[in-house]
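The values are calculated or read from the model by the stated rules, or taken from the named source; none is laboratory data. Model, not experiment: these values are computed from the prediction. As a convention, Cβ positions derive from the backbone with ideal geometry for all residues, glycine included, and neighbour counts pool all protein chains shown.
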Amino acid sequence: MPTTEELQTIVAANNWTAVLPELLLGVLALALLMADAFWPRHRRVILRATMAAQGAVLAYAVVLFLRADPGVVHVYFAGSLVQTQATELMRIFFLASSLLVSHLGWVYLQNRSLPRTEFFHIVLVVTASLMLLVQAGNFVLFFVALETLTIGLFILVAFCRSSRFSLEAALKMLITGAFSSGLLLFGIVLLYGLAGNPLLPGTAEDPLNFAQLGAFLGATGAAGEVNAAQPLALIGAVLILVGVGFKIGAVPFQIWIPDVYQGAPTPVTALLAVASKAGGFFVLHVLLAGPLAPMWDTLFPALAVITALTLLFGNIAPLGQHNVKRLMGLSGVAHAGVLLLGLLAAHTVDWAFAAVLFYLCVYAIASFAVFEVMAHLSPEEDSDQDLTHYTGLMRRHPLLGGVLVIGVGSLAGIPPLAGFIAKALIFVAAFQAGLYALLVVALLGVVVSIYYYFGWMRAAVLREPLEEDPGDGRWYPQPVIAPVAKFVMVLLAVVTVVLGIYQAGLTEVVGLR
Amino acid sequence: MIETLPTLAFFGGLAEFLRGLEAGSPRVHTSMLLFGIFGPLAFAFALAISGKLEAGAVRVAALLGFLLPVVSAFWLWATYASMGLNGGYAFFVNTPTGLDAIGVSLFLGLNGISLPLYVMSAVIGLAAGLYAIHTNVERMRLYLILLLTMQGGLMGMFASIDLLFFFFFHEFALIPTFIMIAMWGRAARRTVAIELTIYLTLGAMLTLGGLVALAWMSGAEGFNLIALQLALVDAEHQNLIFGLLLIGFGILVSLFPFHSWAPRGYATAPAPAAMLHAGVLKKFGLYGLIQVAVPLLPEGMSAWAPLLMWLALGNIVIIGLVTLAQRDLKLMLGNASVMHMGYAFLGVFAFSAAGVGGAVFMMIAHGLSVALLFLLADSIERRCGTSDLRDLGGLGQSAPVLMAFFVAAIMASIGLPGFANFWGELAIFAALWQSASPWVLVPALSGIVISAIYGMRAVSSVFFGEAREDYRGGDLRGLEKAGAVLLLGALLVLGFWPRLFSDDVNAAVGNLYPAEPPVAEQFLAEE
């Protein structure tokens, strides 16, 4: 137990302004609920004000990012909170995602009799927990933030209470999520017990702290025994990685993805596909480069196999897929494979993690472009989004068609769109790291992925729209596009094209130089 | 200096003027280069966002978009001739785009090999554009937007010194081809489009892998071709990288046995797309071999040379025989274009300045002649409603001009004197004779006989014999004639005056390749 003086110094070192954006989001989330309870008639105004306030927090996060010095690490709250320039970037990433998800929710909830305020509220909470998750410096904050995120996502996935797909998805996510959280916690406890064992060399005072745990695992005893080689350490590390593997949807922990992506409301699918996955990758990097780094040589073969399987599964499974939400989920597994490849390369190539961040940003922009289109075309039963709904989209709605083609093309990695450069960066990094076999798998995956992405574009561009309702469910909804939505879609599409040719702005931001 | 005199005389005062301009403000020329690449793209973009436009306005805008590269190409060509660079690079544009971490920047420029190809692609692009404007397809605006995008990509491809942008511009031009085949192709267009997409993406990925390997294993740590020329890859890795590039480029150039996408693809594609793809885009692979892979990886080349020779002979003899068996005019031309790639590969195989120079000249001549043939074949199909050789006949009576053009194009592709193709083939054959395995000439020459047989058979079955009644459209006219005149004119000018290009090509190739081919034991040790 620390003495009172020690506690006082710890409290004095707590810098609450360091978490001001997260606090603001929390306050905003609560204020939203209160305001809605008092003035339910002005709900639209309140929700608009919430989005504006979110924009203000985003602007503040941008300022924080610009003021952050590269290479400087700030540690607050007795090691719970670690802030670097990269975590500042992720704050911007999550806030921007949150704004876009809120916008998607606005579009999506327009014609549905579902609660609105709660949706915005939970999105805010989830975003704050994501922002804390990437800054976690010990397993306590890590786990708390992760669970807040997961529970928020359960609610959001089940948001369409009347849809059995939505409920089924939430149930599946609840079971796999609880399972993976259990494994994660078990792994954390094993490492905690091991690192706190005074009989082992380099016992950690605070075994849950990432830095101390890393130092412990890297320590070597007088007799030459290595802590990293302890069987318990190995089991603990593997269990933690399995828990994170569920979040990012790496094979074989991807089983929940297709059903949950399909059943969840489209904005939530976007949140899962972009923000939640990006958070998972960031913490995976934090773990692999931090506490688990001493075990790299042991873990690498398993990670390499997982990467190869993820790339293969992610590119083969969507081949026969007709439901576009499942398609996004399954092809998202392929993207997870490419990102894993980048993370593996990051161990030896110093700029590879910046390439991963670049990929995440490009992937997010393209995905949101696609999800915007999907939200506008979503039929009454949201889970039932078939490829046939996109038939002749280019003719019916040139804007939606064009944005879809650019978004899907970027996801497929077709030049001159940003996705190509992002993939090329990861591939060059993987090549430099000497991961030749995985690179071959990834390149083959690109070839295969053309097929299913091409099928989607073909439906939208090449087929003629149906003239009248054939009565077999192939008839498509007629979207109404608000000016704001038009602006957002055009912006996302233009950024995707420009980043394909001129990347200087983004490469500087992610630290690729 | 005497070597360049005829060219100088040709441009006369213009060259002097340009030289003065160069001294005064050198940026004029580099902006001309950017103009040629981004001009068509700007027009494509303008057409895409222009909203409702009259059909006539769309056509005029597209035509302007196709004229820009021609202006740029001839301007740069004339300037280059006045600079006396001995085949070296000129007109540098180097803009960092934010990928400095992997040694990539938008680095453009032209040398004695790429400049003629740049000019060629501008000319073929204009001809394809004229023909596209002439044909009245549905959704004309999208059609022209895609063609203009393709044209911009093609110009950028030859002007890139940075290898990643070289690849990037190639893909830029390739994607519209897929869409055009899928939307405006003949029967079974969707199947063919997806087959082509996957096959060529595979080739492109192999190429990308090879280029990345080349860039990083050389120690130059970047994609800058000029820096790579000074670096050296160790022998063991050279074999691997050259293998990747040979197969990747081979797929893209339809090297036997990776050619199966080509004939069906060209037969199915709408004519302007086929003209640009077979005429220009396909040369990406050969250009990559000549400018990048072979000079930078000589050890790899010598290890793979025997295989390359057999595959090239496969192109000439086996595909030649396959071409003989074709009954559809467009399929025949598709196969013929695959077959003639074999000569260019043999020129590379000869590994001497003469052989590679011949291969470059062959690429230019083949591009012009195959584009002309696809244009004419499409004109024939539009007039007769079919391209099945058994159902055609007697078209010569109602379309004598079309017949004259077609006969000339066939003669050019056979390689008769007076056409540009002759000089390319002659140089390749001369280089092969000097090379370590002169016997290769025998099957190579037999290819000429094969070409003559199928060419003449096509002429006789299309234009002679009994005329059918339902031909419509009369003779070649308007813009389609303009396109054909442009291409045939270029073939004839180069046929009578090859030095317009050959001086530059020879100078550039001489910098990269030995004048004499290597001797037998050194080169064909495996045999």
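For A:ASP386, the test of being free of Cβ contacts under 8 Å to residues at least 40 places away in the same chain and farther than 26 Å from A:LEU491 by Cβ is failed. Report whether or not A:LEU272 is under 20 Å from A:GLY236 (Cβ atoms) and either away from chain B (no Cβ under 14 Å) or of a type in the set (Lys, Arg) (or both). No: the conditions fail for A:LEU272. Restricting the first member to region A:173-186 and to residues that are closer than 12 Å to A:ILE240 by Cα and at pLDDT below 95, and the second to residues that are in a helix (DSSP H, G or I) and among the hydroxyl-bearing types (Ser, Thr, Tyr), the beta-carbon pairs closer than 8 Å and six or more apart or on different chains are A:SER181/A:THR150.
Can A:ALA346 be described as under 19 Å from the mean Cα position of the chain (by Cα), surrounded by fewer than 24 Cβ atoms within 10 Å (Cβ to Cβ), within 14 Å of chain B (Cβ to nearest Cβ) and within 21 Å of A:ILE248 (Cα to Cα)? Taking the combined requirement at face value, the residue satisfies it.
Taking the condition more than 24 Å from the chain's Cα centre (by Cα) and within 14 Å of chain A (Cβ to nearest Cβ), does B:LEU47 pass?
The answer is yes for B:LEU47.
This table checks each residue for (1) modelled with pLDDT under 90; (2) surrounded by 24 or more Cβ atoms within 10 Å (Cβ to Cβ).
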{"position": "B:MET309", "(1), (2)": "no, no"}
{"position": "B:ASN315", "(1), (2)": "no, yes"}
{"position": "B:ILE318", "(1), (2)": "no, no"}
{"position": "B:LEU324", "(1), (2)": "no, no"}
{"position": "B:LEU331", "(1), (2)": "no, no"}
{"position": "B:MET339", "(1), (2)": "no, yes"}
{"position": "B:PHE349", "(1), (2)": "yes, yes"}
{"position": "B:ALA354", "(1), (2)": "yes, yes"}
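Scanning region B:74-117 for residues that are more than 14 Å from every other protein chain (Cβ to nearest Cβ), part of a loop (DSSP other than H, G, I, E, B) and not polar (S, T, N, Q) yields a total of 7. Would you confirm whether any residue within region A:489-497 is at pLDDT below 85 and surrounded by 13 or more Cβ atoms within 10 Å (Cβ to Cβ)? Within region A:489-497, not a single residue is at pLDDT below 85 and surrounded by 13 or more Cβ atoms within 10 Å (Cβ to Cβ). Each residue in region A:423-468 was checked for being surrounded by fewer than 19 Cβ atoms within 10 Å (Cβ to Cβ) and either of a type in the set (Phe, Trp, Tyr) or not in a helix (DSSP H, G or I) (or both), and 10 of them qualify. Residues in region B:161-196 that are among the polar types (S, T, N, Q) and crowded, with 23+ Cβ neighbours inside 10 Å: B:THR177 only. For region B:222-232, check the following and say yes or no: at least one residue is crowded, with 17+ Cβ neighbours inside 10 Å, within 11 Å of chain A (Cβ to nearest Cβ) and either in contact (Cβ under 8 Å) with a residue 40 or more places away in the chain or more than 24 Å from the chain's Cα centre (by Cα) (or both). Checked against the condition, which is being crowded, with 17+ Cβ neighbours inside 10 Å, within 11 Å of chain A (Cβ to nearest Cβ) and either in contact (Cβ under 8 Å) with a residue 40 or more places away in the chain or more than 24 Å from the chain's Cα centre (by Cα) (or both), region B:222-232 yields at least one hit. Residue count for region A:420-474, restricted to those that are over 20 Å from A:LEU404 (Cβ atoms), modelled with pLDDT under 90 and more than 11 Å from chain B (Cβ to nearest Cβ): 7.
For the condition more than 10 Å from chain B (Cβ to nearest Cβ), touching a residue at least 60 places away in the same chain (Cβ under 8 Å) and over 19 Å from B:PRO176 (Cβ atoms), A:VAL494 does not qualify. When A:TYR192 is tested against (1) crowded, with 19+ Cβ neighbours inside 10 Å; (2) farther than 22 Å from A:ALA250 by Cα; (3) among the aromatic types (Phe, Trp, Tyr), only condition (1) is not met.
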